[in-house]
Structure formats: structure tokens, C-alpha cells
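Asker: Sharing a structure, written as C-alpha cells. Questions coming.
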Amino acid sequence: MGILNGKRILVAGVLTDASLAFGVAKLAQEEGADIVLTGAGRGLSLTQRTARKLPSPVDVLELDVTEPSHFPAVVDDLRGRWGELHGVLHSIAFAPPSCLGGGFLEAPWEDVAVAMHTSAFSLKALTAAVLPLIESAGGGSVVGLDFDNRVAWPAYDWMGVAKSALESTARYLARDLGSRGVRVNLVAAGPMRTMAAKSIPGFSEFEDAWDGRAPLGWDVHDSSAVAKACVALLSDWFPMTTGEMLHVDGGYHAMGA
């Protein structure tokens, strides 16, 4: 029996098998969970293909987190499928090109709004949509994947601001949902070589700095530590932890130089 035995988990954000969310989905299955994935837009077919690489077959539901009409369909499917939900992994972020790469002062609000909606507000939207299903399970865990934005990063620009908004959103959700048995936490991962990372100009600056400064070292190709942290938070092993940002970054965040 694994630590997620009997748990029913929704995983949002799998695109390829290099996605952090894929590692979480795979480990969640290995630890006994039943899972469903979501995909959106042009990436939906890619998510469906990637889903075939998981240990057990899974369904992929269409969910564009910026389209309010998609949420009821997902909830209806999960209600008919399981009737309850024990956990959610939120691994969704996007920013238009103008919001990354050094054009912080030039990025228009229209593009910034897309980044904020997709990368931060979506955590609230998804959590609120599935809340009745989590309450039906007697409570559960919402875990979001994050990149710690307590400081300014090279080239990260408005995506960094969106991550700060994500971090604050998680804390307010933790405040409002604790009495309803729902824990909300973030895992702040070190840089990983994912498709999303490839879209960040200057990503190599993160890679170059990380391994030399992180006390435990860091491998941008190995997401297993991140997956283990997420699965642990989705399990019953952290029953009194909420509003937390758990760093899985080799210790980089704790070093001054």
C-alpha cells in the first residue's frame, strides 16, 4: 500500500513527460492514487499522448483555466466518476513573450493580465470549482507548483510577479478553507529543464547558478525530489500543514552567496 492508496487526485498541468506534473502523476499512481489529468487548447492532444506513458491508463479532461465554462464540465465528470476528490495538483503557468526576457517596463497590461489570470488566479478558480468534491471526501489537499519569487530574477519579469500573486493566493485560500478541511500548499522547485523553462529567455543563467550554490547540488533533469514532495503533501502525512511554501531546490534559497 502506498501513501496515496485510495486517494482520487486531479492533476492539472501535464504537457510532456518532462513536465513536473508528469512526475507527480506517475509517482501518485505508484503510491496508489487514482488520477485524472487535464489539458487545454492546442496542448490537449499532447497531454493525451503523454498520458499514455503513465504506469496505468488515465483520462484527460479539457480544462482551459481562463475559460469559466470549462470548470462545470470537469466538476460534473469528476462527480459522476468518483463523487469526491481528495487532492489537486496545480501546475499551470503561462506568460506572453512580452512579459519575459527583460522588457518589464514595456509589457502591456493586456499581456500581464493573461499571465496573472493563467498563473495565479487559476489556483483560486480551480480550487473553488472542485471544493464541493473535496468536502464530500471529508477534506483534502491542494498543492501548487511554484518558483519562489521573494526576490527579483533575471529575465523572469512579469512571470515573477505572477508567482508572487500565486504565493499570496495560496495563503488566502489556506486561510479561508482550513475550517473546511482543505490544506493549500506550494512546492517551490528549483529550475527544471521543462518545455515551460525553454520559453524563458536567459534560463541558462538559472541553471548555471543553481548547482554551484545549492548545498545539496541540483540536477535540472531530475524532478523526482519535487514529485516526492508534492505526493507527500497530497497524502495524509502533513495533516496540520497549510499556507506553506516548501522549497525543493537543493537548499539554494537559504544561501546568501
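Asker: Scale the Cα Rg of the range 128-257 by the rule-of-thumb value 2.2 N^0.38 Å and send over the ratio, two decimals.
Answerer: Normalised Cα radius of gyration, the range 128-257: 1.12.
Asker: In addition: Along its principal axes, what span do the Cα atoms of the range 53-139 show, with the longest given first and each in whole Å?
Answerer: Sorted largest first, the three principal extents are 47, 30, 22 Å.
Asker: Moving on. The range 211-257 to the range 129-147: how many Å between their Cα centroids?
Answerer: Cα centroid to Cα centroid, the span is 20 Å.
Asker: Right, another one. What's the extension gain from ALA73 to TRP109 if we count 0.36 nm per residue and subtract their Cα-Cα distance?
Answerer: 9.9 nm
Asker: Further question on the same structure: Per q in 0.11, 0.13, 0.24 Å⁻¹, report the Debye log10 I(q)/I(0) for the range 1-88, using one uniform scatterer on each alpha carbon and no solvent.
Answerer: Values, matching the q order: -0.27, -0.38, -1.25.
Asker: Something else about it: Using a 10 Å Cβ count of at most 13 others and DSSP loop calls, identify the longest part of the chain lacking such trypsin sites (Lys or Arg not before Pro).
Answerer: 151-257
Asker: Provide, for q = 0.16 Å⁻¹, the log10 of I(q)/I(0) from a solvent-free Debye sum over equal Cα point scatterers in the range 211-250.
Answerer: -0.49
Asker: Related question: State the dimensionless ratio Rg/Rh of the range 119-186 (Rg: radius of gyration of Cα atoms; Rh: Kirkwood radius).
Answerer: In the range 119-186, Rg relative to Rh is 1.05.
Asker: Follow-up. Can you match volume of the Cα convex hull per residue in Å³ to one of these, [x] 120; [y] 206; [z] 217, based on a calculation from the structure here?
Answerer: [x]
Asker: Counting other Cβ atoms within 10 Å of each Cβ, which GluC sites (Glu not before Pro) in the range 95-181 have at most 16 and sit in a DSSP loop?
Answerer: Passing both the DSSP loop test and the Cβ count: GLU106.
Asker: Scan around PHE94 for amide H atoms under 5 Å from its own, H built in the peptide plane at 1.01 Å from N, and keep only partners 5 or more places away or cross-chain.
Answerer: Under 5 Å from the amide H of PHE94: SER119.
Asker: Please work out, to two decimal places, the log10 of the ratio I(q)/I(0) at q = 0.12, 0.17 Å⁻¹ from a Debye calculation in which every Cα of the range 37-185 carries one identical scatterer.
Answerer: Each listed q corresponds, in turn, to -0.55, -1.04.
Quick note: the coordinates plus some simple rules give every number you see, no bench work behind them. The structure displayed is predicted, hence computed values, not measured ones. Cβ coordinates were reconstructed from backbone atoms using ideal geometry, including for glycine residues, and neighbour counts include every protein chain displayed.
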